[in-house]
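To start, the structure itself, in structure tokens.
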Amino acid sequence: MRRSENASRVQHRKSEIRLVRLAVGCGGSFYLTYALELEMACLIKAYSEIDAFFRAKHAIDPDNRFTSRFSKRHGKRERAKTAASGR
């Protein structure tokens, strides 16, 4: 990848994150695939039931066989275990 293409991608991701934060700040949400580089506090603000999702996923898939980049980043096994334990 050329340097200018890489710089363009980086700028695009930064703009994407700014837009997501703006949407969340206005009480909105966003398509979860945009959450890969977003901090967990912002994710929880947009999706207040995300812990319930992780608990349900852990109950159904305790070995974490079904995964995605989203769950690897935000739904790490330890977070799923913590959510499942109710702590």
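In the stretch 47-87, which residue that is of a type in the set (S, T, N, Q) and at pLDDT below 75 is surrounded by the most Cβ atoms within 10 Å (Cβ to Cβ)?
82
Among residues of the stretch 35-61 that are of a type in the set (Asp, Glu), those with a Cβ under 9 angstrom from a residue that is exposed (fewer than 14 other Cβ atoms within 10 Å of the Cβ) and not in a helix (DSSP H, G or I), sequence gap 6+ or separate chain, pair up as 61/67.
Scan the stretch 2-16 and tell me whether some residue there is β-branched (Val, Ile, Thr) and part of a helix (DSSP H, G or I).
Yes, the conditions are met somewhere in the stretch 2-16.
The values are calculated or read from the model by the stated rules, or taken from the named source; none is laboratory data. Fair warning: this is a prediction, and the values are worked out from it, not measured in the lab. Glycine gets a Cβ as well: all are built from the backbone with ideal geometry, and neighbour counts include every protein chain shown.
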